[in-house]
Amino acid sequence: MRVAVIGAGVIGLSTALCIHEQYHSLVPSLELEVYADRYTPHTTSDGAAGLWQPYLSDHGNLQETVWNKETFDYLLGHLGSPAAKEMGLFLISGYNLFTQPVPDPSWKNIVLGFRNLTPKELELFPGYSYGWFNTALMLELTQRGVKFFHKKVKSFQEMFAQGVDVVINCTGVRAGELQPDPELQPGRGQVIKVLAPWVKHFIITHDIKYGIYNSPYVIPGSESTVLGGIYQHGNWSEENSAQDHQTIWENCCRLLPALQ
Amino acid sequence: MAAPKVAVVGAGVIGLSTALCIAETCPSCSVTVLSDQFSPNTTSDVAAGMLIPHTYPGTPIHVQKQWFKETFTYLFAISNSAEASEAGIHLISGWQVFKNTPKEELPFWSDVVLGFRPMSEAELQKFPQYRFGRAFTTLKCDCPPYLLWLEKRLKAIGVQMYTRKVADLWELHSEYNIVVNCAGIGAHQLVGDEKLFPIRGQVLKVHAPWVKNFIRDGDGSTYIYPGIDRVTLGGTREKDSWSVSPDPGTTKDIFDRCCSLEPSLRGAQDIKVKVGLRPSRWCVRLQREVLSRGGVKLLVVHNYGHGSGGFSMHRGTAKEAAHLVEECIAALQGSLSRAKL
């Protein structure tokens with residue numbers, strides 16, 4: 001039984017891992033293969049900081065909230081284990097900042113210690129009058145555990161013609177190349193990775209006017225700190241933009257003067 | 001009188017911050033720091049530098065709260081400025097966990113730190129042996145950076161610093177008008193204070209950059225304090241032990257205790273062991289004294305005996321010491337004018 005996972009970002013690899021965990025003893029003939037034209041450090045996931053935090057609103061999509069909770073609880077359960085180090089998994093606390101009061105997010109009871117910010121804490125962030133504090137998780141995926149093929153899959157047919165029985169499509173932003181999907185659009189992001197080991201909290205600002213992730217954010221990893229705040233719907237460019245770089249740097253330094 | 005000459009003995013966090021406060025409040029003073037040790041070899045360099053106060057039995061609580069508040073406010077402003085990383089000051093959040101419910105309702109500092117609140121059931125699940133806990137955000141002063149930053153600021157305003165072992169305060173009477181004693185544990189010998197005793201602390205400083213939150217056992221025996229480059233794992237509180245040599249059995253014990261609080265520490269690298277002697281006392285000795293010998297007077301301001309609370313109280317006690325120095329100057333000028341009459 002050949003199962004091919006197409007895509008080796010966080011979704012492809014974790015899906016492959018789940019299938020392996022659940023079926024390798026039940027289906028002795030299981031052959032699990034991962035196909036991707038890009039592997040770490042060139043996947044979309046590698047650009048991400050790795051912070052577990054869903055969008056602010058689930059727009060009534062309760063199934064997503066269930067998936068979010070499952071993910072968080074699964075990761076939390078692995079915290080004390082040896083696997084945590086391999087997964088690059090650790091707890092991190094931090095701030096979500098707003099210029100006006102907002103309703104609590106659907107994930108408020110999923111993360112740990114969710115609360116509103118006190119006036120004294122808000123003094124740290126001039127221009128923001130409301131916010132949340134909570135403890136969440138960071139996932140700096142580095143592990144590869146499955147046999148993989150460095151290859152661009154051009155069609156599902158190609159897989160079946162080779163004798164693959166089941167295809168799992170985890171192709172992320174370029175899924176449209178295998179099967180057109182007008183609802184799928186790139187949300188281009190650019191980040192700057194800096195050395196700022198004194199930063200121990202994530203800080204994510206929100207500006208309803210500009211939309212999600214178009215407002216500065218700072219997310220400390222175990223080795224470097226990610227500065228971001230760019231989200232361009234429909235932009236396929238994978239090149240660094242000097243203007244975006246400037247925007248990120250200026251906005252993040254205003255948010256955290258210590259970065260200078 | 002000509003510019004009063006003030007000598008500050010000691011170059012740990014207390015000595016340096018006191019010298020800075022004196023220079024700030026008395027710009028006409030000539031301030032000199034004398035110490036046999038400077039960073040990275042002071043007791044302060046061993047400490048994690050967490051702003052979590054320890055209660056002195058002999059000092060009124062409202063005074064301790066004032067000292068802590070002054071210190072917290074001062075450092076909070078630096079942490080929010082462009083100088084934060086050079087000064088080694090950063091915010092850190094975490095948990096203080098208790099196996100038994102603590103006797104006091106709320107510690108005196110609970111409204112000074114940020115976001116102080118009881119831990120939720122979900123948070124406590126991470127600490128199965130503990131029944132109760134508190135979460136808050138506080139500040140950490142990393143050393144050597146903080147001490148080096150203080151030294152830099154002192155140099156910038158003309159304060160001189162010399163490596164010199166002062167064996168007796170009287171050595172200084174001909175060169176200085178006022179001596180400020182910030183000798184920490186050194187005061188035991190320097191001024192013969194029998195009420196000052198060491199509480200030996202051994203710590204490990206490890207590389208574990210994925211640890212972003214502090215964890216402290218409420219009984220103070222075990223703690224994990226992430227700093228800029230290293231995580232401080234502690235510790236011990238050995239009363240009256242003067243040994244500054246690391247003990248290997250203790251190292252293993254500290255490591256095991258911290259790993260049971262935070263299992264991922266098993267992967268910590270490059271473990272360095274350090275020992276410091278907390279200069280402990282019933283209360284901080286923060287007072288003026290006039291020493292007399294053969295008709296000659298020496299004006300002294302004492303500021304030592306901060307025990308486990310040096311970082312938490314340093315700015316508050318430094319400011320008070322600076323006020324006492326001002327009083328000494330007024331007294332000197334008073335006696336000078338009387339002499340002129």
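Please pick out the residue among B:29, B:21 that is among the hydrophobic types (A, V, I, L, M, F, W, C), farther than 26 Å from residue B:213 by Cβ, in contact (Cβ under 8 Å) with a residue 60 or more places away in the chain and out of contact with any strand residue (DSSP E or B) (no Cβ under 8 Å at 6 or more places or on another chain).
So the residue among B:29, B:21 that is among the hydrophobic types (A, V, I, L, M, F, W, C), farther than 26 Å from residue B:213 by Cβ, in contact (Cβ under 8 Å) with a residue 60 or more places away in the chain and out of contact with any strand residue (DSSP E or B) (no Cβ under 8 Å at 6 or more places or on another chain) is B:21.
If I ask for residues that are of a type outside the set (Lys, Arg), under 21 Å from residue A:69 (Cα atoms) and in a strand (DSSP E or B), which ones from segment A:107-133 would you list?
Within segment A:107-133, A:112, A:113, A:114, A:116, A:132, A:133 meet the criteria.
With (1) more than 13 Å from chain A (Cβ to nearest Cβ); (2) touching an Asp or Glu at 6+ places or on another chain (Cβ under 8 Å) as the list, and residue B:90 as the residue in question, which single condition is left unmet?
Condition (1) is where residue B:90 drops out.
Rundown of residues vs (1) in a loop (DSSP other than H, G, I, E, B); (2) among the basic types (Lys, Arg); (3) farther than 18 Å from residue B:209 by Cα, yes/no style:
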| position | (1), (2), (3) |
| --- | --- |
| A:196 | yes, no, no |
| A:204 | no, no, yes |
| A:213 | yes, no, yes |
| A:218 | no, no, no |
| A:239 | yes, no, yes |
| A:251 | no, no, yes |
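Given the conditions (1) assigned to a helix (DSSP H, G or I); (2) of a type in the set (Asp, Glu); (3) under 18 Å from residue B:6 (Cα atoms), and given that residue B:256 satisfies all but one, which numbered condition is not satisfied?
Of the numbered conditions (1) assigned to a helix (DSSP H, G or I); (2) of a type in the set (Asp, Glu); (3) under 18 Å from residue B:6 (Cα atoms), the odd one out for residue B:256 is (3).
Yes/no per residue for (1) in a strand (DSSP E or B); (2) buried (at least 16 other Cβ atoms within 10 Å of the Cβ):
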residue	(1), (2)
B:273	yes, yes
B:298	yes, yes
B:301	yes, yes
B:309	no, yes
B:317	no, yes
B:331	no, no
B:334	no, no
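Restrict the check to segment B:204-223 and report whether at least one residue is aliphatic (A, V, I, L, M), touching a residue at least 24 places away in the same chain (Cβ under 8 Å), touching a strand residue (DSSP E or B) at 6+ places or on another chain (Cβ under 8 Å) and under 30 Å from residue B:296 (Cα atoms).
No: segment B:204-223 contains no residue that is aliphatic (A, V, I, L, M), touching a residue at least 24 places away in the same chain (Cβ under 8 Å), touching a strand residue (DSSP E or B) at 6+ places or on another chain (Cβ under 8 Å) and under 30 Å from residue B:296 (Cα atoms).
Would you confirm whether or not segment B:115-131 contains a residue that is touching a helix residue (DSSP H, G or I) at 6+ places or on another chain (Cβ under 6 Å) and in contact (Cβ under 8 Å) with a residue 24 or more places away in the chain?
Looking through segment B:115-131, none of the residues is touching a helix residue (DSSP H, G or I) at 6+ places or on another chain (Cβ under 6 Å) and in contact (Cβ under 8 Å) with a residue 24 or more places away in the chain.
Given the criteria crowded, with 16+ Cβ neighbours inside 10 Å, closer than 24 Å to residue A:192 by Cβ and aromatic (Phe, Trp, Tyr), does residue A:55 qualify?
Against the criterion (crowded, with 16+ Cβ neighbours inside 10 Å, closer than 24 Å to residue A:192 by Cβ and aromatic (Phe, Trp, Tyr)), residue A:55 does not qualify.
Out of the residues in segment A:225-237 meeting the condition of being in a loop (DSSP other than H, G, I, E, B) and within 16 Å of the chain's Cα centre (by Cα), tell me which one is surrounded by the most Cβ atoms within 10 Å (Cβ to Cβ).
Result: A:229.
Suppose we filter B:229, B:219 for residues that are within 14 Å of another protein chain (Cβ to nearest Cβ), over 19 Å from the mean Cα position of the chain (by Cα), assigned to a loop (DSSP other than H, G, I, E, B) and surrounded by fewer than 17 Cβ atoms within 10 Å (Cβ to Cβ); which single one remains?
So the residue among B:229, B:219 that is within 14 Å of another protein chain (Cβ to nearest Cβ), over 19 Å from the mean Cα position of the chain (by Cα), assigned to a loop (DSSP other than H, G, I, E, B) and surrounded by fewer than 17 Cβ atoms within 10 Å (Cβ to Cβ) is B:229.
For residues in segment B:113-157 being within 13 Å of chain A (Cβ to nearest Cβ) and of a type in the set (Asp, Glu), which is surrounded by the most Cβ atoms within 10 Å (Cβ to Cβ)?
Per the criteria, the residue is B:142.
Can you find even one residue in segment A:105-115 that is within 14 Å of chain B (Cβ to nearest Cβ), more than 18 Å from residue A:138 (Cα to Cα) and touching a residue at least 12 places away in the same chain (Cβ under 8 Å)?
The answer is yes, given that some residue of segment A:105-115 is within 14 Å of chain B (Cβ to nearest Cβ), more than 18 Å from residue A:138 (Cα to Cα) and touching a residue at least 12 places away in the same chain (Cβ under 8 Å).
So, residue A:167, is that one under 22 Å from residue A:9 (Cβ atoms), in the same structural domain as residue A:8 (by the TED database) and outside any strand (DSSP E or B) or not?
It is false that residue A:167 is under 22 Å from residue A:9 (Cβ atoms), in the same structural domain as residue A:8 (by the TED database) and outside any strand (DSSP E or B).
Considering only residues of segment B:52-73 that are within 15 Å of the chain's Cα centre (by Cα) and within 14 Å of another protein chain (Cβ to nearest Cβ), which is surrounded by the most Cβ atoms within 10 Å (Cβ to Cβ)?
Top of the filtered list is B:72.
Taking segment B:192-212 as the region of interest, how many residues are within 13 Å of chain A (Cβ to nearest Cβ) and surrounded by 22 or more Cβ atoms within 10 Å (Cβ to Cβ)?
Residues in segment B:192-212 being within 13 Å of chain A (Cβ to nearest Cβ) and surrounded by 22 or more Cβ atoms within 10 Å (Cβ to Cβ): 4 in total.
Do you know which residues across segment A:74-104 are assigned to a loop (DSSP other than H, G, I, E, B) and facing another protein chain (nearest Cβ under 10 Å)?
The answer is A:79, A:80, A:81, A:82, A:88.
Can you confirm whether residue A:180 is part of a loop (DSSP other than H, G, I, E, B), surrounded by fewer than 17 Cβ atoms within 10 Å (Cβ to Cβ) and not acidic (Asp, Glu)?
Answer is yes for this residue.
What is the one condition in (1) within 8 Å of another protein chain (Cβ to nearest Cβ); (2) touching a residue at least 24 places away in the same chain (Cβ under 8 Å) that residue A:118 does not satisfy?
(2)
The values are calculated or read from the model by the stated rules, or taken from the named source; none is laboratory data. Please read all numbers here as calculations on a predicted model, not as lab measurements. Note that each Cβ is placed from the backbone with ideal geometry, even for glycine, and that neighbours are counted across all protein chains shown.
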